[in-house]
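Okay, so here's the structure we're looking at.
The values are calculated or read from the model by the stated rules, or taken from the named source; none is laboratory data. Predicted model only: the values in this text are computed from it and were never measured. Cβ: placed from backbone, ideal geometry, glycine included. Neighbour counts: every protein chain shown.
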Amino acid sequence: MSQVEIIAPSVPVRTRTGWERLLREPSALIGGGIVLVFALMAVFAPWVAPYDPNASDWSAIRLGPTLAHPFGTDDLGRDVLSRIIFGARASLAAGFLSVAIALVFGVPFGLIAGYFGGVVDIVISRLTDALLACPFLVLAIALAAFLGPSLQNAMMAIGISAMPIFVRLARGQTLIVREEDYVSAVVSLGASHRKVIISHILPNIMPPLVVQATLTTAIAVLAEASLAFLGLGQAPPDPSWGSMLDAARQFLVDAPWMAIWPGLAIVVVVIGFNLLGDALNDVLNPRD
C-alpha cells in the first residue's frame, strides 16, 4: 500500500509541472493569446463584426479608415474589418482541418512503416520521399487546381501535401520507441501488434507530433491564403484573407489599407502559431 501511495500522486505533479512550464513561457502566452483571439473572433464573427461582410455601400467605395469603418472599405464598398473577422474562419478552418487530415492519414502510415519495417517500410518511405521531392506549395496548388476551386478542396489539397511530413516524423519516432525495453516486454508477453502500436508506441510519439502539428498549422494558413490569392480557395464573395489580397492588387496606390490589413492578419496568425509551437517544443521536448 505504501508504494501505491507514493507513486500515485506523482502523475498529477508531472502534469501540473508541464502546464506550469508552458504558462511560464512568454512565447506560449503571446502565441497562445494570438491564436485564441483569432479563434474566438472566427467563432463569434456574426456578433463581433460591425457589418455584413458582403454588404456593399456604393457611397463608400475605397473609403479610408474612419470611425464608422476603422479599417476602411474595399473596391465594392464593403467593410474591411468585417471581412477580416469573417475571413479568419476560412484561414483557421483550413489550418486546423488540413492538419487534421494530414495527421489522420499520415501518422498511421508512419507507425506501420516504422514498426513493421521490411518491404512495407520501403514502399511507404519511397512514396513519402517522392511526395517530399515536390515543394509543398507547388503540390498543394497542383492538387487544388485538379480538385477545383473551393475551400473544402483547398483544405484537402493542403492536408495531402502536408501528410508526408507526418509520415516521416511518425516513422522516425516509431523506430526509436520500438527498441525501448517496455515495448520489448509487452511484445514478449504476447501483446498484439495493434495493442503495442496504439497503447505503447503512439502515446510516446505524440509530443513531437503535437509540436509539428502546431507549426504545420501556420504553414497551412499561409498555403490557404496563397491558394485563395490564386483563385483556388474560398470562392467570392465569401471573405478570405488571400482573396482580399488578390482584390487589393489593383488598388495598392489608391487604397493601400485593402492589402495592409489582410496581410497583417496573416502575418500575426502565423507568428502566433510559430511562437506556440516553439513553446510546446521546449516543454514537451526539454533539452536539459
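Counting the residues of the stretch 134-190 that are basic (Lys, Arg) and under 21 Å from the mean Cα position of the chain (by Cα) gives 2.
Here are 230, 209, 245: which of them is among the aliphatic types (A, V, I, L, M) and closer than 26 Å to residue 29 by Cβ?
Selected residue: 209, the only one of 230, 209, 245 that is among the aliphatic types (A, V, I, L, M) and closer than 26 Å to residue 29 by Cβ.
Here is a yes/no grid of residues against (1) buried (at least 21 other Cβ atoms within 10 Å of the Cβ); (2) assigned to a helix (DSSP H, G or I); (3) of a type in the set (Phe, Trp, Tyr); (4) in contact with a helix residue (DSSP H, G or I) (Cβ under 9 Å, 6 or more places away or on another chain):
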position: 196; (1), (2), (3), (4): no, yes, no, yes
position: 200; (1), (2), (3), (4): no, yes, no, yes
position: 232; (1), (2), (3), (4): yes, no, no, yes
position: 254; (1), (2), (3), (4): no, no, no, no
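Within the set of pairs 6 or more residues apart or between chains, which connect a residue that is surrounded by 15 or more Cβ atoms within 10 Å (Cβ to Cβ) inside the stretch 41-60 to a residue that is among the charged types (D, E, K, R) and in a helix (DSSP H, G or I) with Cβ atoms less than 8 Å apart? What qualifies is 42/89; 45/89; 53/83. Taking (1) β-branched (Val, Ile, Thr); (2) modelled with pLDDT of 90 or more; (3) out of contact with any Gly (no Cβ under 7 Å at 6 or more places or on another chain) in turn, residue 15 satisfies each apart from (2).
Residue 224: in a helix (DSSP H, G or I) and not aromatic (Phe, Trp, Tyr), yes or no? Considered against the rule, which asks whether it is in a helix (DSSP H, G or I) and not aromatic (Phe, Trp, Tyr), residue 224 comes out as yes. With respect to the conditions (1) farther than 26 Å from residue 274 by Cα; (2) buried (at least 19 other Cβ atoms within 10 Å of the Cβ); (3) modelled with pLDDT of 90 or more, residue 221 lacks only one, and its number is (1). Among the numbered conditions (1) polar (S, T, N, Q); (2) within 16 Å of the chain's Cα centre (by Cα); (3) over 20 Å from residue 259 (Cα atoms), the only one that residue 226 does not meet is (3). Please indicate, with yes or no, whether at least one residue in the stretch 78-93 is surrounded by 15 or more Cβ atoms within 10 Å (Cβ to Cβ), in a loop (DSSP other than H, G, I, E, B) and either in contact with a Gly (Cβ under 8 Å, 6 or more places away or on another chain) or on the phi < 0 side of the Ramachandran plot (or both). Checking the stretch 78-93: at least one residue is surrounded by 15 or more Cβ atoms within 10 Å (Cβ to Cβ), in a loop (DSSP other than H, G, I, E, B) and either in contact with a Gly (Cβ under 8 Å, 6 or more places away or on another chain) or on the phi < 0 side of the Ramachandran plot (or both). The residue that is nearest to the chain's Cα centre (by Cα), counting only those in the stretch 234-249 that are under 20 Å from residue 147 (Cα atoms) and part of a helix (DSSP H, G or I), is 242.
Step by step: first the residues of the stretch 106-124, then only those that are aromatic (Phe, Trp, Tyr) and surrounded by 19 or more Cβ atoms within 10 Å (Cβ to Cβ), then the one that is farthest from residue 213 (Cα to Cα). Which residue is that? So the residue we want is 115.
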